[in-house]
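Asks: Would you mind keeping the following structure in view while I ask a few things?
The values are calculated or read from the model by the stated rules, or taken from the named source; none is laboratory data. Because the structure is predicted, anything quoted here is derived from the model rather than measured. Every residue, glycine among them, receives a Cβ derived from its backbone with ideal geometry; neighbour counts consider all protein chains shown.
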Amino acid sequence: MVLAAIVAGVFTCRQFNRKNADVSGLKANYEVQAADLIKEFAENDSSAMKKYLGKLVTVRGQIKKIDHDEEGYYTIVLGDSAGLSSVLCAMDTTQHVDAANLNKVSSVNVKGYFIAFEKDETGLLGSDVKLNRCIVEKQAH
């Protein structure tokens, strides 16, 4: 019983203090334009979910906006400024400087893990493809 408690304690401590692997040196499973990714989900979201879930994806697109919350986290929003749907790229905490220095009127390559698709059933707000632990690969002007 004591041994089980010790093993559980060590496991919990390791999980709590675990660091995520840096994605900058990893090759993306898919490279896609933001508009094409949004379209793929709009046409068949269940098929796209199976394809991308948990995969590392590089998305190239126009920056619609850059959000910065009160805790210092950045989210880069990619997509057509005239469209309602977007690709939301939650930046890795090591990438704050890169995110802060982006030019909002340019295109950018962002690499991150696909985690969710939020479908707008009403057609009023637009749907969102979500990536997590993102890094900026390069910015094109």
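Asks: Checking V87 against (1) within 19 Å of S46 (Cα to Cα); (2) in contact with a His (Cβ under 9 Å, 6 or more places away or on another chain), which test does it fail?
Replies: V87 satisfies every listed condition except (2).
Asks: A further question follows. Give D36, D67, D45 a once-over and let me know the one that is within 11 Å of F117 (Cβ to Cβ) and of a type outside the set (A, V, I, L, M, F, W, C). Reasoning before the result, please.
Replies: On the way: D36 fails: within 11 Å of F117 (Cβ to Cβ); D67 fails: within 11 Å of F117 (Cβ to Cβ).
Checking each option against the conditions leaves just D45.
Asks: Read through the list (1) assigned to a strand (DSSP E or B); (2) modelled with pLDDT under 90; (3) of a type in the set (D, E, K, R), then give the number of the only condition that K130 fails.
Replies: (2)
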